[in-house]
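Undergrad: Encoded as structure tokens, here's the structure I'll be asking about.
The values are calculated or read from the model by the stated rules, or taken from the named source; none is laboratory data. From a predicted model like this one, the values you see are computed outputs, not experimental measurements. Cβ placement follows ideal geometry from the backbone for every residue including glycine, while neighbour counts extend to all protein chains displayed.
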């Protein structure tokens, strides 16, 4: 099923082909978890949100239309669930609990080929500063930054996901980069 286009897999899943839907999950589970983790700061919450996203896709298989790439539709659902989660979490007064700079919490710090302790310590300080700076961005700015810089999506796809115009995406992305740079300088710019 590797070579089958996403929308054909959706059609097969509509017809009851469980393997087709499993292939969609296999293709997109990692990127969706990664996106949700960057937004929430928690691998556990990200895994729950990704699972909820796939459940929602499955529930609405009959309504999905190939007006956009399947990944755009899926990330849009993940985004909505994540923003709702962040809003609800803020209301309950809970904060971030995990790394925003790691794709998977089980991964270690940025690897150091030289093995020099001073270089390892410096990289950890930089990673920590980036994590704190990302955590201080608004969800609207963080999401466009994550979708563009970490997932490599183009402006149009991001616009469809966050439901705004291409120009708004560019503006939010520019502002997010500017804010991230300012936060990094504020949090330890001498490290960079």
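Undergrad: Quick check on residue 144: is it within 17 Å of residue 40 (Cα to Cα) and either touching a residue at least 12 places away in the same chain (Cβ under 8 Å) or crowded, with 18+ Cβ neighbours inside 10 Å (or both)?
TA: Taking the combined requirement at face value, the residue satisfies it.
Undergrad: For the condition surrounded by 17 or more Cβ atoms within 10 Å (Cβ to Cβ), over 19 Å from the mean Cα position of the chain (by Cα) and closer than 21 Å to residue 40 by Cα, what is the one hit in 184, 180, 153?
TA: 184
Undergrad: Okay, moving on. Go through the stretch 13-53 and give me each residue that's over 20 Å from residue 144 (Cβ atoms) and not in a helix (DSSP H, G or I).
TA: Those that are over 20 Å from residue 144 (Cβ atoms) and not in a helix (DSSP H, G or I): 15, 16, 17, 42.
Undergrad: Considering every residue within the stretch 94-102, establish whether at least one is at pLDDT 50 or above and either in a loop (DSSP other than H, G, I, E, B) or farther than 27 Å from residue 126 by Cα (or both).
TA: Looking for residues that are at pLDDT 50 or above and either in a loop (DSSP other than H, G, I, E, B) or farther than 27 Å from residue 126 by Cα (or both), one finds at least one in the stretch 94-102, hence yes.
Undergrad: As an exercise: evaluate residue 32 against (1) under 22 Å from residue 63 (Cβ atoms); (2) over 11 Å from the mean Cα position of the chain (by Cα) and give the number of the one condition it does not meet.
TA: Every listed condition holds for residue 32 apart from (2).
Undergrad: Among the numbered criteria (1) modelled with pLDDT of 75 or more; (2) surrounded by 12 or more Cβ atoms within 10 Å (Cβ to Cβ), which single criterion is violated by residue 87?
TA: Failed condition: (2).
Undergrad: From (1) surrounded by fewer than 17 Cβ atoms within 10 Å (Cβ to Cβ); (2) out of contact with any helix residue (DSSP H, G or I) (no Cβ under 6 Å at 6 or more places or on another chain); (3) modelled with pLDDT of 90 or more, pick out the condition that doesn't hold for residue 119.
TA: (3)
Undergrad: Kindly provide the set of residues from the stretch 1-21 that are surrounded by 14 or more Cβ atoms within 10 Å (Cβ to Cβ), out of contact with any helix residue (DSSP H, G or I) (no Cβ under 6 Å at 6 or more places or on another chain) and under 19 Å from residue 50 (Cβ atoms), ordered by number.
TA: Passing the criteria: only 10.
Undergrad: Going by the conditions given, is residue 62 more than 30 Å from residue 131 (Cβ to Cβ), in contact (Cβ under 8 Å) with a residue 24 or more places away in the chain and surrounded by fewer than 16 Cβ atoms within 10 Å (Cβ to Cβ)?
TA: So residue 62 passes the test.
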